[in-house]
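The structure appears below as structure tokens.
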Amino acid sequence: ESEVGKGSVFTLRLPALAHKRSKSAEVAPDKLLNLQALIMDDNIAVRTVLVQLMGAMGCDTSECDDGAEAFELWSQARGLGRDFDVLVLDIEVPGGTGGVETLRRIHQIDPDARAIAISGYSSEGVMGNPERYGFSAALKKPFTRASLHRVLQELA
């Protein structure tokens, strides 16, 4: 709808998809993970979804938005004898410390720390060869719940 001098209103009608939630989308109780995980991503929506997904998979999570804070949380947990089993680190953090530098600092203290690189950017570099940068795995955003669970299971 449009009115001269007043503007336009657009109405979109999208068909609804009626389907039942698949039982396979749920994690069976015997497949729950028992992992302590640190999630670092500058996008709060991504962090929120990861916290919820990983919590439903049996992970106890801590979260932050920058690599400097991730290093501090990791150091504090280590000082208390509560090492994280896995780190989920965003590669690109505009104006902050990204996952590569964060993992490099952590590996100086604990070379066995395991991390998953996540990014919405190209498959070049870290995402194309995560092991070269010290990561155990990489997931390109957007990734599925199933692919996240599979990678976490491999690291458990």
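Below is a table of values for the structure above.
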item	result
Residue within the stretch 50-57 that is open to solvent by 70 Å² or more (accessible area, probe 1.4 Å), modelled with pLDDT of 95 or more and over 19 Å from Ser136 (Cα atoms) present	yes
Criterion: under 25 Å from Ala45 (Cβ atoms), assigned to a helix (DSSP H, G or I), in contact with a strand residue (DSSP E or B) (Cβ under 9 Å, 6 or more places away or on another chain) and not β-branched (Val, Ile, Thr) - qualifying residue of Leu148, Leu139	Leu148
Selection count, the stretch 111-150, where residues are on the phi > 0 side of the Ramachandran plot and either out of contact with any Leu (no Cβ under 9 Å at 6 or more places or on another chain) or without any contact (Cβ under 8 Å) to a residue 12 or more places away in the chain (or both)	1
Residues of the stretch 24-42 satisfying the condition of being at pLDDT 95 or above and surrounded by fewer than 17 Cβ atoms within 10 Å (Cβ to Cβ)	Gln36
Residue in the stretch 102-110 that is modelled with pLDDT of 95 or more and within 16 Å of the chain's Cα centre (by Cα) present	yes
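The values are calculated or read from the model by the stated rules, or taken from the named source; none is laboratory data. Everything numeric here is computed off the predicted structure, so don't read it as measured data. Counting neighbours? That spans all protein chains shown, and the Cβs are built from the backbone with ideal geometry, glycine included. For accessibility, only protein heavy atoms count, side chains too; no ligands or nucleic acids. Shrake-Rupley method; radii C 1.70, N 1.55, O 1.52, S 1.80 Å.
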